[in-house]
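The values are calculated or read from the model by the stated rules, or taken from the named source; none is laboratory data. On a predicted model such as this, the values are computed, not experimentally measured, just so you know. As a convention, Cβ positions derive from the backbone with ideal geometry for all residues, glycine included, and neighbour counts pool all protein chains shown. Heads up: the accessible areas ignore ligands, DNA and RNA and are worked out on the full protein's heavy atoms, side chains in. Shrake-Rupley method; radii C 1.70, N 1.55, O 1.52, S 1.80 Å.
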Amino acid sequence: MDANMNPTMLLFTILLLSVMGFIMGRKRSYAVANQVGGMSNLHSRPTYYGSLTALWCAIPTLIIFSFWLLFESRIITDLVIATLPDQLQNLPADRLNLIVNDIRNMVNGNIVSSEPNPSMLAAAEHYRKLNSLSHASLTVIVIAVAIGAILVIQKTIHPKLRARNHVEQVIKYILIACSTIAIFTTIGIVLSVLYEAIRFFRIVPLSEFLTGLEWSPQMAIRADQVGSSGSFGVIPVFMGTMLISAIAMCVSVPIGLMSAIYLSEYANRTFRSVAKPLLEILAGIPTVVYGFFAALTVAPMIRNSGGVLGLDVSSESALAAGLVMGIMIIPFVSSLSDDVINAVPQSLRDGAYALGATQSETIRHVVIPAALPGIVGSVLLAVSRAIGETMIVVMAAGMSANLTLNPLKTVTTVTVQIVALLVGDQEFDSPKTLAAFALGLMLFVVTLILNVIALVVVRKYREQYE
Amino acid sequence: MSAEKKSIYPDKPELQFENKRKFTNKREPLVDRENRKTVGQPTVENPRMSCLNVNVYYGDKQAIHDVTLDIGRNEVIAMIGPSGCGKSTFLRCLNRMNDTIDFCRLTGTILLDGKNIYDKDVDVVPLRAQVGMVFQKPNPFPKSIYENVAYGPKIHGLVQNRAETDEIVETSLRKAGLWEEVKDRLNQPGTSLSGGQQQRLCIARTIAVGPEVILMDEPCSALDPIATARIEDLIDELRENFSIAIVTHSMQQASRVSQRTAYFHLGDLIEVGSTDQVFLNPLHQLTEDYVTGRFG
Ligand SMILES: Nc1ncnc2c1ncn2[C@@H]1O[C@H](COP(=O)(O)OP(=O)(O)O)[C@@H](O)[C@H]1O
Ligand SMILES: [Mg+2]
C-alpha cells in the first residue's frame, strides 16, 4: 500500500471501510442468528448490527483524522524551526513567520519571495520528510483502528446484543453534537464581539458612546498627523437607524396588515393561492437589488418631486431608503399576520356574525383583537429586520451622521457605519475599527430584545387558543 | 324569583337515568325504514318561524332534502339525529349563517313572522339580531365580560350611553343566570370564565340584542354535567320569552328541555312530534331505532 496516501484518499478509505463494516456486521448477524435458530431470536434487525459496526468504524477514525490534521502542520512547523540555524531562530516573530512561509512554499513548489539559502533548503527537505512521515503514520493508525473496530464489533455481535438501542443512542449523540456546534458558534461570535467592544470601551467610555451627540470616527493614525481626534457618540447614528426603520414600518405595517386581512378574510381560495406566494417573492429579492432601486430610481424621484414642491431634498434621503426598505419588509408583516389571522378560530367569527356584525365589524372588533398579539409579534420581527438591514441603506441612505428627524435629509445608520468603518485599510486595534464592534454589539442587543419581546408575545397568543 | 323557580332537574338526579328505560317500547312503529317522508306534526298554529320545502346544497352535494318544519312561539324544539344528518346545517339556515359559506345554496322558503328571510330585500344584520345563535364550543370574544355582552347592542345601535349599556348588560347577564357570579369582575376577559360560565356568557350576549328566536347547536357538548344542568334550567326559563331551537346529541337532554322533537336522518326530516310522542311512541322505524339506541 502506498504509505503516502493523501488525506482525501484516506477519507475515502475510511468511508469504504465503514461500508465494509456495515456489510460484515450485517452478515455476521445473519450468521449468529442462524446458529441459534433463526432471525426471530435476534434482538435487532440485521441492518442495526451493520450500522453499529459502521458507526464504530467511522466515528473514532474520523475523530483521529480531524484532530491529526488540525495539529499536524503546527507540530511539524515547530519541529522544523527547531532545526533552523540559531541566527534564523532568533529573528523577531514576524520575520520568522515569513521564513516559515517561504519554507512551506518551497515544499509545495510555489514561488518563493526571497533567495533560497542552503539552510532553508535543508529545512524544506526536512519539512517534506516530516510531512510524509506524518501522513504515513496517520494512514496506518486510521486503518488499524478501523479494522480493529470492525473485528471487535464482529466478536461482540451475538443475538442478545441490543444493536438497535446502541445505534439510536449514537445517533442521538451525533445530533446533540451538531446542535452544540450551532449554539457554541453563536456564543463564540457574541463573545468575540463583546470582547472587542470592551476593548473599544476602554478607549471610549461607554457613557460617552451612548450619550454623545456627534459621530465622526476619523482619527489621526499617527501622533504627528493633523486631523480630528474622533468622536464616537452613537446617538446620531442610532437616530438614523430609528428614523429609517420608522419610515419603513409606516410603509410596511399598513400595507402588509391590510393585504394580510384581504388575503385571509376576503380573497377567495384561488386568488389567495396565487397572491400569497407572489407576495412572498418580494422577500426573495436580494437586498442589493432593492438597494440600487432605492438609490437610482426612488431617490431621484423623491428629489425631483420635492423640487417641484419647493422642498430641499438631499440626493440621498432617509425617505428613499425607508420607503424601499418598507416595501422589502411588506411580506414579513403580511405573511406572518396572515398566518395569525388564519389561526383565529372560525367559531369567533361565527359568534360575531351570529350577532349581526358585518364582515368589516367582525374583522375590526373580533378578528384583529384576537390576532393582535400575533400581529404585534410579526411587526416586532419586521422591525428587527429593518434595524439590521444593511444593503439598502448603504446604497441609498448616505454616510453623514446628521442628528435630524427630517426624512428629506441624509442620515446614516448603524449598519452603514459598521460597513464604512471596516472597509479599506485599517489598523485592527484603532478605536475606529473597534467602534464597529461596539456598534455591532448595540445592534445585536437591540434586535435581541425585540426578538425576545416578539417571541414572548407570540407565545402568549398561542397559549390562549390551544 | 329563585325561590319558586321550578327546576326541571328534580331533587333526585339519579331518576333521570331511570327514565331512560322508558324510551324502549314494545309496539311496532307504523312507518318502515324505506319511507323518507316526514311523519308526525311538522306544523303548529301561529308559528314563529316556518320552513317550507327547504333544500340545502354544499356545492353539488345535497345536505337537506325538502324539509318542512315550524318553530312555535315560546317552545323549545329539539333536533336530534346521528352525526352528519344535517342538524347544524338546518339550524344555520334559520339565521342565514350559511351565507358565510360561499358554495352553500338554499331553495325553499323560511318565514319569520310571515316574512321570507331569504327575500332579496332582507338584510342579514337585523335578521341575526332577531334570530340569535349559540354555538357548540363557547366562543366569547377576546374582550371583557362586560364588552362581550355590550357588543351586540352597540353594533345595532340599541344603546345610546353608558347607563343604558350598563342596564342591558345587567339584565342580559341576569337572564342568563350569570350576573351573581360575574358582577364583581365585569372587566376581566370573557375567556377567564369556566366553560359553563362562558357558554352562559354567550347566551347573555345573544339575549342582549333582543332576539325572538335563539338557535343552539349542541350548546352543552363541551360542558361537564353540572354546567350542563345549569344551561338546561336556563333554557327552560328562557322559553317564557323566546322560541328556542336546540340541536343535541343527548336524548335525555332533548327529553328534559324540549316540548317538540324533530328527528333528522341523512338530510331528511323523518319525524316531528311532541317530545313525549317521539321518545315514547315513535311513528317511524328509523326514529325508534335511534331513540332506543339501535342506531348512531
Ligand atoms: N361547510 C361545509 N362544506 C361542505 N359540506 C358540509 C359543510 N358543513 C356540513 N357539510 C356536510 O353536510 C352534511 C351535514 O352536516 P351537519 O349539518 O354539520 O351535520 P350534523 O350537525 O347533523 O352533524 C354532512 O354530510 C357534512 O359533511
Ligand atoms: Mg353539528
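Using θ = phi - 60° in the Karplus curve 6.51 cos²θ - 1.76 cosθ + 1.60, the 3J(HN,Hα) couplings for region B:34-41 round to 6, 7, 9, 6, 5, 10, x, 10 Hz; x is entered for Gly and Pro. Projecting the Cα atoms of A:L408, A:V80, B:M97 onto the charge dipole of the protein assembly as shown, computed from C-beta unit charges around the Cα centre, puts A:V80 farthest toward the positive end.
Legend: calculated FRET efficiency, A:F271 to B:D119, from the Cβ-Cβ distance at R0 = 30 Å, rounded to 0.05, equals 0.50. Above 24 Å, the calculated P(r) of region A:7-161 contains 52 percent of its Cα-Cα pairs.
Could you work out what % of the accessible surface of chain B is carbon and sulfur, using a 1.4 angstrom probe and leaving DNA, RNA and ligands out of the count? Numbers along the way, then the final one.
Values: 6510 of 13260 Å².
For chain B, the apolar C and S fraction of the accessible surface comes to 49 percent.
Interface burial in region B:113-162, defined as at least 40 Å² less accessible area with all protein chains than with the chain alone at a 1.4 Å probe, covers B:V125, B:R128, B:N139, B:F141, B:P142, B:Y151, B:I155. Within region A:216-359, the proportion of Cα pairs with more than 28 Å between them is 44 percent. Taking the chain by itself as reference, region B:175-212 contains no residue with an accessible-area loss of 40 Å² or more in the full protein complex (1.4 Å probe, heavy atoms). Under the simplified labelling scheme, the B:K61-A:A93 pair shows an inter-label distance of 7.7 nm, with each label point 7 Å from Cα along Cα→Cβ.
Could you work out the longest stretch of chain B that avoids the GluC sites (Glu not before Pro) located in DSSP loops with at most 15 other Cβ atoms within 10 Å? Longest gap between qualifying sites, sites excluded: B:46-239. Surface composition of chain A: carbon plus sulfur atoms contribute 67% of the solvent-accessible area (1.4 Å probe, protein chains only, all chains present).
Calculated on C-alpha atoms, the gyration radius of region B:92-218 divided by its Kirkwood radius gives an Rg/Rh of 1.01.
For a bin width of 10 Å, list the pair-distance distribution of region A:49-98 built from all Cα-Cα distances, rounded to whole %. Pair shares across the bins are 21, 30, 19, 15, 11, 5. A simple spin-label model places the labels of B:L30 and B:R294 1.9 nm from each other, with each point 7 Å out along Cα-to-Cβ.
Bridge orientation summary for the protein assembly as shown: considering DSSP beta bridges with both residues in this region, about 55 percent are antiparallel. Remark on A:G212: its backbone amide H falls under 5 Å from those of A:V234, A:I235, a criterion applied only to residues 5 or more positions apart or on other chains, H modelled at 1.01 Å from N. Couplings for region A:167-172, taken from phi via the Karplus curve 6.51 cos²θ - 1.76 cosθ + 1.60 with θ = phi - 60°, read 4, 4, 4, 4, 4, 4 Hz in order; Gly and Pro are left as x.
Could you give the length gained on full extension between A:R459 and A:T211, defined as 0.36 nm per residue of separation minus the Cα-Cα distance, in nm? If you can, show how the numbers build up before the last one.
Values: separation 248, 0.36 × 248 = 89.28 nm, distance 3.46 nm.
Contour length minus the Cα-Cα distance gives 85.8 nm.
Share of pairwise Cα-Cα distances greater than 19 Å in region B:218-296 is 37 percent (whole percent).
Could you compute the FRET efficiency for A:S137 and A:H43, with r as their C-beta to C-beta distance and R0 at 35 Å, rounded to 0.05?
Working: r = 39 Å, r/R0 = 1.10.
Efficiency computed from Cβ-Cβ geometry: 0.35.
When you restrict to C-alpha pairs under 8 Å that are six or more residues apart and normalise by the size of chain A, the relative contact order lands at 16 percent.
For B:A63, the residues whose amide H sits under 5 Å from its own are B:V56, B:Y57, B:Y58, ignoring neighbours fewer than 5 places away on the same chain, with H placed 1.01 Å from N. Taking every DSSP helix (H) stretch of at least 4 residues in chain A, weighting each as -39,500 (n - 2.57) and dividing the sum by the residue count yields a mean residue ellipticity at 222 nm of -25000 deg cm²/dmol.
For region A:71-179, report the convex hull volume of the alpha-carbon atoms normalised per residue, in Å³, without decimals.
Values: hull volume 17.1 nm³, N = 109.
Dividing the Cα hull volume of region A:71-179 by its residues yields 157 Å³.
If R0 is 25 Å, the Cβ-Cβ spacing of A:Q218 and A:N304 corresponds to a FRET efficiency of close to 0.15.
When its C-alpha radius of gyration is set against 2.2 N^0.38 Å (N residues), region A:231-465 gives a value of 1.16.
Summing both sides, how much accessible area is buried between B and A? Use a 1.4 Å probe and give Å² to the nearest 100.
Numbers: alone 14040 and 25560 Å², together 37970 Å².
Chain pair B/A: roughly 1600 Å² of buried accessible area.
For region B:159-175, 3J(HN,Hα) computed residue by residue from phi via the Karplus equation (6.51, -1.76, 1.60; θ = phi - 60°) reads 10, 9, 9, 4, 5, 4, 4, 3, 5, 5, 5, 5, 5, 5, 5, 5, 4 Hz, glycine and proline entered as x. In terms of the Cα gyration tensor, with a ≥ b ≥ c the square roots of its eigenvalues, is chain A rounded because a/c is under 1.5, prolate because a/b exceeds b/c, or oblate? Verdict is oblate for chain A. With 26 Å as the limit on Cα-Cα distance, the pairs of A:K172/A:K276; A:K460/B:K143; B:K154/B:K175 that go past it are A:K172/A:K276. Can you give me the angle between helix A:431-464 and the longest principal axis of chain A, using Cα atoms only, in degrees from 0 to 90, rounded to the nearest 10? In chain A, helix A:431-464 runs at an angle near 80 degrees to the longest axis.
For the protein assembly as shown, the solvent-accessible area with a 1.4 angstrom probe is 50 square angstrom per residue.
Going from the chain on its own to the full set of protein chains, region A:331-350 has these residues losing 20 Å² or more of accessible surface (heavy atoms, 1.4 Å probe, no ligands, DNA or RNA): A:S347, A:L348, A:D350.
What relative contact order, as a whole-number percentage, does region A:7-161 give when Cα pairs under 8 Å and 6 or more residues apart are counted? With pairs under 8 Å counted, the relative contact order is 38 percent.
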